[in-house]
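Here the structure comes first, spelled out in structure tokens, and everything after it is commentary.
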Amino acid sequence: MLYFSHASGLVISLAGVFFWHAAGGPLPWLLGPLLAMLGGRLLGLPLASIRHSRELGQAIVGLALGLTFSHTALLRTVALAPWIALAVVFAFLLAWLAMQLLRRLCPGLDPLTAWLVSLPGGASEMTAIGSRRGAKSEWIVLGQSLRVLIVVLLYPGAFALFGHSTAPFATTLAPLGSSALPWLLPALALGVLLQWRRIPNPWFIGPLTISLLLASSGTLSGSLPAGWVELAQLLIGIALGVRFDRQQMLAAPRFLVAFLASLALLLLLAVAGACLLSMVAGLPPALAVLAMAPGGITEMCLTARAMGLDVPTIIAFQLCRLVMVLLLAEPLSRWLVAQPAKC
């Protein structure tokens, strides 16, 4: 039965790629499987993703994106450090505002759960903090997963709507061919080590670190072979879509409505902040919007790559924000007094 669920998920996901591409949608290898799996799960179909497929997809994406870090790109990213620091502070402010609206619309929601739902961190990391401190873990998982899902669906579509092409990424780097394969093994090994040390996003950060060091030092220059990144997007899209089911979505309707309203506020203010960042820092508007987007780092970097934007800048903004959120989420949560109540 499990093999049937895996096979059904893969077939439906590939069909999603075909139809989303035929419809002219952006990022067909990511959004096609995501929408297909999401629709199937909400209809109650027995679909599943292959174990550790998301981790493999993240590792491939980390390798691909790290190769974009030339020495010049690395220096350019370091020069943006003051703006990155301001963006991190702004992200915490937005999370606090979203938390206030969430609690106002859902008065019985305890402050700790609302805070961990509103922070742009990883679902597993925020849930772990909530479990240790008595928050509603199932709502944290739902909120964090929905935020990534909505941002991943909304941003590429919005860019396409406003005329910013998401055509296949054009690179001047020659494909590495089979010479890229040996680097996948130490990249995966570093991912295992980081996971053992409980470092967040280990399967993305480990391979990214390996390829970044190789590319910025001039040891390795090139891009991954054709098809690697498309495979990674397929695996990630399947894993994102399979997270949801009908019972989970209907379990807390009032919380769901309140969360969507708070997320709308968060996204509007994030776009406004990105416009301001674009003006004062001289960044292209689309680049600033993705840098400030409260989405998953892997998915936002894939979007930037598909749009031909400066991927190292997106990585710097997203990664620094993620690290600071994970470092400060629990200390800041100690200032909040949990008052459990049903919403």
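Name the residue that is surrounded by the fewest Cβ atoms within 10 Å (Cβ to Cβ), counting only residues in the range 220-268 that are of a type in the set (S, T, N, Q) and over 23 Å from E138 (Cα atoms).
S221
Here's the yes/no breakdown for (1) polar (S, T, N, Q); (2) touching a residue at least 12 places away in the same chain (Cβ under 8 Å); (3) under 30 Å from L309 (Cα atoms):
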{"position": "D110", "(1), (2), (3)": "no, yes, no"}
{"position": "T127", "(1), (2), (3)": "yes, yes, no"}
{"position": "S131", "(1), (2), (3)": "yes, no, no"}
{"position": "I140", "(1), (2), (3)": "no, yes, no"}
- prompt: In the list S70, S49, S13, which residue meets the criterion of being within 19 Å of L231 (Cα to Cα) and open to solvent by 10 Å² or more (accessible area, probe 1.4 Å)?
  reply: S49
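With the structure loaded, tell me whether G295 is part of a loop (DSSP other than H, G, I, E, B) and at negative phi or whether it fails that test.
Yes; evaluated as a whole, the condition is true for this residue.
Can you tell me which residue within the range 197-213, out of those that are at pLDDT below 85 and more than 15 Å from Q58 (Cβ to Cβ), is least open to solvent (accessible area, probe 1.4 Å)?
So the residue we want is R197.
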query: Among A79, A59, which is the only one that is over 15 Å from A316 (Cβ atoms) and modelled with pLDDT under 95?
result: A59
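A quick yes/no check of all residues on (1) part of a helix (DSSP H, G or I); (2) more than 18 Å from G57 (Cβ to Cβ); (3) open to solvent by less than 10 Å² (accessible area, probe 1.4 Å); (4) in contact (Cβ under 8 Å) with a residue 60 or more places away in the chain:
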position	(1), (2), (3), (4)
G9	yes, no, yes, yes
G25	no, yes, no, yes
W29	yes, no, no, yes
L34	yes, no, yes, yes
L38	yes, no, no, yes
R41	yes, yes, no, yes
message: Residues to consider are G130, G122; find the one that is open to solvent by less than 10 Å² (accessible area, probe 1.4 Å) and modelled with pLDDT under 90.
response: G130
- prompt: Given (1) on the phi > 0 side of the Ramachandran plot; (2) without any contact (Cβ under 8 Å) to a residue 12 or more places away in the chain, where does L327 come up short, assuming only one miss?
  reply: (1)
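The values are calculated or read from the model by the stated rules, or taken from the named source; none is laboratory data. What you see is a predicted model, and the numbers here were worked out from it, not measured in a lab. Cβ coordinates were reconstructed from backbone atoms using ideal geometry, including for glycine residues, and neighbour counts include every protein chain displayed. Surface areas here come from the heavy atoms of the whole protein model, side chains and all, with no ligands, DNA or RNA. Shrake-Rupley method; radii C 1.70, N 1.55, O 1.52, S 1.80 Å.
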